[in-house]
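The values are calculated or read from the model by the stated rules, or taken from the named source; none is laboratory data. Source: prediction; values computed, not measured. Neighbour counts run over all protein chains shown; Cβ positions are idealised from the backbone, glycine included. Just so you know, the surface numbers come from the protein's heavy atoms only, side chains and all, with ligands and any DNA or RNA stripped out. Shrake-Rupley method; radii C 1.70, N 1.55, O 1.52, S 1.80 Å.
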Amino acid sequence: MYDYHLHTEYSFDSMIKGKELMEKAIRLGYKEIAITEHLDLLPFEAKNNGIPALKKYWNYCKNLQKEHPQITLHCGLEIGDYHRTKDYALELIEGFDFFPIMGSVHILEDNTNVAILLNKQLSKEHTIEYYKQNLDLVTNCDINILGHLGVYKRYYSERIDESFVYPIIKDIFEVMIARNIYLEVNLSSLYKPYQMIIPEPEMLQMFKEMGGTLISIGSDTHRLDKFEDNTSILQRFKLPSEPLKRFR
Ligand SMILES: [Zn+2]
Ligand SMILES: [Zn+2]
């Protein structure tokens, strides 16, 4: 069992202590985990939430691994809107070996945050822009994983018809397959009103039919009490449960 999307105390929105996460992961039988702290560099985000001290974070991961040799820990980053903050992000991460690097779209051009509870469903225009931003991200940034594609649906209470964006999603998948980028199956939406994994099974099927094989699982957990054994979910959706080879 593995989980490549977890947030701890270097993320502004998580209170999880690394040591407690490692202990719980070992107790639950995880073989591998990745901490993927937020690196959000759009000016208003950096101003409001600060930028994590990367050198300290790097050493923190190294110490956690040394103290818990029973499990493999990857020291990763979730870079928010990487394609819009690329030069700055590259400058900050230079000299480190963060892995995996996950890219995620959180903020639209008009500053709509699609990763939090929205008071209404995204408009058609916003939905199209969201996927175009993802296409830009996978095309222009060196990432290992594309995080939570479709994140804005977590708080929807019903499935909706989005066939109008399928052509863009196909373009995203095509680039990902050519560039060996993992598609994350994000589990957090299972516990929110949507009650479904994202991307949904039919999206995963589309990815597979196009020749996509690289799938990564991430719970996107920010609270220790929400970090659980995922075996039954992986079985339910026929998802890979063994740590990924390329991550070795
Ligand atoms: Zn995210
Ligand atoms: Zn996250």
Next item on the list: At a Cα cut-off below 12 Å, give the aspartates and glutamates reachable from residue 55, other chains included and same-chain residues fewer than 8 away excluded.
Entry: 94, 97
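At a 1.4 Å probe, what is the % contribution of carbon and sulfur to the accessible area of the range 2-247? Let's see the in-between values first.
Working: 5690 of 11370 Å².
Solvent-exposed carbon and sulfur of the range 2-247 make up 50 percent of the total.
Leaving out ligands and nucleic acids, and using a 1.4 Å probe, what accessible area per residue does the range 1-70 come to in Å²? Please list the in-between numbers first.
Numbers: 3310 Å² over 70 residues.
It amounts to 47 Å² per residue over the range 1-70.
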Next item on the list: Describe numerically, in nm with one decimal, the distance between label points set 7 Å from Cα along Cα→Cβ at residue 87 and at residue 72.
Entry: 3.7 nm
Check: Accessible surface of residue 94 in the full protein assembly, 1.4 angstrom probe, to the nearest 10 Å²?
Finding: 140 Å²
Checklist line | Residue-level accessible surface for residue 139, protein heavy atoms, 1.4 Å, Å² | finding: 70 Å²
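Could you please report the charge total around residue 153, scoring K, R as +1 and D, E as -1 over all other residues with beta-carbon less than 10 angstrom from its beta-carbon?
Details: positive: 154, 159, 192; negative: 158, 162, 200.
That works out to 0.
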Next item on the list: Heads up, I need the accessible area for residue 247: 1.4 angstrom probe, whole protein in place, Å², nearest 10.
Entry: 10 Å²
Notebook entry, point to check: Tell me, how many Å apart are the Cα centres for the range 80-96 and for the range 1-40?
Noted result: 22 Å
Checklist line | Per-bin percent of Cα-Cα distances, the range 88-144 [10 Å] | finding: 19, 44, 27, 10, 0
Next item on the list: For 136, 110, 97, give the ranking by accessible area with the largest first, probe 1.4 Å.
Entry: 97, 110, 136
Checklist line | FRET efficiency estimate (nearest 0.05) - Cβ-Cβ, residue 174 to residue 119, R0 35 angstrom | finding: 0.55
Next item on the list: List every residue whose amide H lies under 5 Å from the amide H of residue 75, counting only residues 5 or more places away in sequence or on a different chain, with H placed 1.01 Å from N in the peptide plane.
Entry: 99
Note to self: Per DSSP helix of 4 or more residues, -39500 (n - 2.57); summed, then divided by the residues of the chain. What does that give at 222 nm, rounded to the nearest 500?
What the structure shows: -10500 deg cm²/dmol
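Evaluate Rg over Rh across the chain, taking Cα atoms for both radii and Kirkwood's formula for Rh. Working shown, then result.
On the way: Rg = 17.0 Å, Rh = 18.2 Å.
Reported Rg/Rh (Cα atoms, Kirkwood Rh): 0.93.
How big is the antiparallel share of DSSP beta bridges in the chain, given as a percent to the nearest 5? Please list the in-between numbers first.
Numbers: 2 of 27 bridges.
Given both bridge residues lie in the chain, the antiparallel proportion sits at roughly 5 percent.
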Next item on the list: Give the Debye-formula value of log10 I(q)/I(0) at each listed q (0.16 Å⁻¹), with one equal scatterer per alpha carbon of the range 135-248, two decimals each.
Entry: -0.77
Next item on the list: Any of 86/170; 120/170; 31/226; 62/226 with alpha carbons more than 20 Å apart? Name them for me.
Entry: 86/170; 120/170; 62/226
